[in-house]
1. For segment 117-127, enumerate the residues that are outside any loop (DSSP other than H, G, I, E, B), open to solvent by 40 Å² or more (accessible area, probe 1.4 Å) and more than 15 Å from Tyr177 (Cα to Cα).
2. I'm trying to understand the selection: among the residues of segment 1-20, which are farther than 16 Å from Ala45 by Cβ, touching a residue at least 40 places away in the same chain (Cβ under 8 Å) and not in a helix (DSSP H, G or I)?
3. Just to be sure I understand the filter: pairs with C-beta atoms under 6 Å, separated by 6 or more residues or on different chains, first member in segment 59-70 and hydroxyl-bearing (Ser, Thr, Tyr), second member surrounded by fewer than 15 Cβ atoms within 10 Å (Cβ to Cβ). Which pairs pass?
4. Test Ile132 against the criterion of being out of contact with any Gly (no Cβ under 8 Å at 6 or more places or on another chain), at pLDDT 90 or above, open to solvent by 70 Å² or more (accessible area, probe 1.4 Å) and under 30 Å from Phe183 (Cβ atoms), and give yes or no.
5. If I filter segment 205-231 down to residues being small (Gly, Ala, Ser) and either within 17 Å of Met138 (Cβ to Cβ) or touching a Ser or Thr at 6+ places or on another chain (Cβ under 7 Å) (or both), which single residue comes out as surrounded by the fewest Cβ atoms within 10 Å (Cβ to Cβ)?
6. Somewhere in segment 69-84, is a residue touching a Phe, Trp or Tyr at 6+ places or on another chain (Cβ under 7 Å) and within 24 Å of Thr189 (Cβ to Cβ)?
7. Of all residues being among the β-branched types (Val, Ile, Thr) and buried (at least 19 other Cβ atoms within 10 Å of the Cβ) in segment 135-150, which is modelled with the lowest pLDDT? Just the residue, please.
8. Suppose we filter segment 21-45 for residues that are assigned to a strand (DSSP E or B) and touching a helix residue (DSSP H, G or I) at 6+ places or on another chain (Cβ under 6 Å); how many remain?
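The values are calculated or read from the model by the stated rules, or taken from the named source; none is laboratory data. Given the structure is predicted, the values throughout are model-derived calculations rather than measurements. Virtual Cβ from ideal backbone geometry, glycine too; neighbours counted across all protein chains shown. In case anyone asks, the SASA skips ligands and DNA or RNA and just uses the protein heavy atoms, side chains included. Shrake-Rupley method; radii C 1.70, N 1.55, O 1.52, S 1.80 Å.
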Amino acid sequence: MKLSQETINMWKSFSTINSNLNVKEGNVLETINLSKSLIAYYTAAEQFPNFAIENLSEFINIISLFKSPDIIFKDNHILIKDMDSNREIKYGYGDPNVFQVKCPSTLKMPEAEISFDLKSEDMSTVLKAASILKVESMIIRNNPDNNGTIILESKDTKLRSVDTGSNSFSSELPANYNPDLKFNVIFNTNNLTIINGDYTIDISSKLISKFTNKNIGLVYYISADRQSKFS
């Protein structure tokens, strides 16, 4: 099997979410972080058998040793061969029974009250602002001055004194939601370790959100912080 560069890039991204990878037979790859607040599903071009990797970053680094790797799935290991040389590596499977967390067998997105498109540059800017301002929250709230938009913010949600104030960055984006709905949805930036791209974002008052990549078969389900408010 030849792995597409897109699949390799996805595994690199997955390795920032969880060091383990448990692959089920088929073409859907999935991962979940340890706090179970971020779940990702990617539809790959390749068809895979059942297998598990205990250290995904290590496995990716091993693949990078070869210019033209061929991946062969054996009974108890993966054989990686270089078609341009006589080199090969045997890499043993992990045991998914010892993995700390597993993706749920079924997952249904609740009805979403908020929906909008988020461009790659807007996502990158708000996360970069959060890093510069040393805040750990990305906030999505209704815009009282324009019901057809939301305010996207990087902001310190911890209480500060009035004299000190609060560092923040904000931008206005078009969105669909009931104009009578007031909301302040908070995401921890540590849960936003998602691959760069344009997304359609759906948010439910159940504090579950769905980030659907508009260019590749990739979906994230991300939990909002319990401080979030809907009314």
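1. Glu121, Asp122, Ser124, Thr125, Leu127
2. Scanning segment 1-20 gives Thr16, Ile17, Asn18, Asn20.
3. If the second residue must be surrounded by fewer than 15 Cβ atoms within 10 Å (Cβ to Cβ), the pairs left are Ser68/Met83; Ser68/Asp84.
4. Criteria met by Ile132.
5. If we filter segment 205-231 for residues that are small (Gly, Ala, Ser), which is where we start, we get 205, 209, 217, 223-224, 228, 231.
The next check asks that each one be either within 17 Å of Met138 (Cβ to Cβ) or touching a Ser or Thr at 6+ places or on another chain (Cβ under 7 Å) (or both); those that pass are 209, 217, 223-224, 228.
Numbers: Ser209: 22, Gly217: 16, Ser223: 19, Ala224: 25, Ser228: 19.
Checked segment 205-231; the qualifying residue surrounded by the fewest Cβ atoms within 10 Å (Cβ to Cβ) is Gly217.
6. No, the conditions are met nowhere in segment 69-84.
7. Val135
8. First, pick out the residues of segment 21-45 that are assigned to a strand (DSSP E or B): 21-23, 26-32, 38-45.
Filter again for touching a helix residue (DSSP H, G or I) at 6+ places or on another chain (Cβ under 6 Å), leaving 21-22, 31, 38, 42, 44.
Residues that pass the stated criteria total 6.
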